[in-house]
Amino acid sequence: MLRRHAIRWLSAYRDGELGPEKARSISDHLERCSLCRAAFAEVAFGSRLAGKLPLVGAPDSLWFEIERGVTRRSRGVRRALRWPRVAAALTTVAIVAGAAWYAFLRQPLHLVRAAGGPSEFERSTVEEHARLVSGREAWDLRTSEIGELRSWVKAASAVTADEIPIERPAEDARRLRMVGAKVARVGGATAAVIGYEMDSEPVTLATARLQDLHDPPPVGRFSKDIAYRFDALRGVHVLTWGVGHQAYVMVSRLPNHGQAGCFLCHTTRERRELIAKSRLEPGT
Amino acid sequence: MDVTRGRAAATEPHGLVEACRRGDREAFRALYEVYKDDVYSIALHFTADEEIARDVAQDVFVKLFTAIERFRGESTFRTWVFRLVANACRDTHRRVRRFVPIEEVVMERVAGPGSPEADARERELSLRVRSAVSELAPRVRLAILLRYLKGLSYGEIAEVLKCSPGTGASQLNRGHRMLARRLRALKGEV
């Protein structure tokens, strides 16, 4: 017989996790104790609520990011495991490198002035932007729903738009408006072109497989190596980068260097503040 | 309470684990496919932030694949995996003290069967539960997520969280009662 209340055991009791003797003593106690019966009802309700948590599918692009991380790390780790002293030293380096990596992740974008003339991919995207904004070109898909846009891009092209989060911060209700998507020949490749408005400015984001482009941008060691140029003829900012298997060109007239267009994919307050503070570095 | 989600995958993918130890990339991919949604869901519900959740999930799988040779079988493989997830979540919580509050994030992903009105109610309910879960203390939050997203037993939860079974049970108990109190207004709907 329980002499004290049974509250701390109630979840385990309800879920059948107690042994038979303990379970019986809890059951007997509940018959006599209104306080514990009330707590049991509370636990049962809380359990039903927790059962409403949904399983959420992992984004498709996650595997590519993992592959790169595994390839980079496992080469060093496998060799190190053969030599314990070297392994210890490499572990220390990895920890320091990890801390530096984390510190780097907290830095703004690495915006670098582009060298040389625009690539075919950039030129084509700037022209596409001009045609779409002026209405001379139509969207294949008109939608305000990111989920619909992502599914369409995946079905209609060889690239994905899964980097665009469906869950948005509240401020995007007034800042972001999705317009649509189309498939177009850009830079010699079949690209997905995505249109949206950020702070009422039209933004065009083209993405294509690196392998399909005549002159792909270099894939930075870090996803924040972004080349910037200003197209004076059309008065637009052009940001270009490569990450994973895809290249991206973003065109807009957003302030500074147009980096607010990156808020399509970067949604945390902290990240947006870092992006907004990014400075342009001279090219090498 | 539905904890059947995890039960179907309770058997260890033993062949896959051994193949991964030998460096078989196809086995890595297959193992990833087994665990990806569970790992990502726990990370997402823990952090309430898609971008950070992706970082956490990436960290977990990179660690898993590069450290799999050191898995000695002292626990089940899935316990080991979820321990990696729990550690990564806690490390992230220590580094990024402030996650975007869940009430600022509009959840559009949850879709259910039935009428649009029922779906909208279900989504709203899920959103409020997610919000309440995100306010739980980290260890309590992890216990709830491991139980309800993956169906881990109390014993497995204690193994993952490296605590006694009594402490694990106590964390779940606390989680249930805190959710019930925070969401008492929903009593008629659940």
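If we count every other residue with Cβ under 9 angstrom of B:Arg182's Cβ, Lys/Arg +1 and Asp/Glu -1, where does the sum land?
Charge balance near B:Arg182 sits at +2.
Take the alpha carbon atoms of the range A:161-186, find their center, do the same for the range B:46-92, and report the distance between the two centers in whole angstrom.
Cα centres, the range A:161-186 to the range B:46-92: 30 Å.
What is the distance in Å between the Cα centres of the range B:140-183 and the range A:241-284?
Each part's Cα centre sits 40 Å from the other's.
Bear in mind these aren't lab numbers, they're just calculated from the coordinates by the rules spelled out. No experiment lies behind these values; they were computed from the predicted model shown. Reconstructed Cβ throughout: ideal geometry from the backbone, glycine too, with neighbour counts over all protein chains shown.
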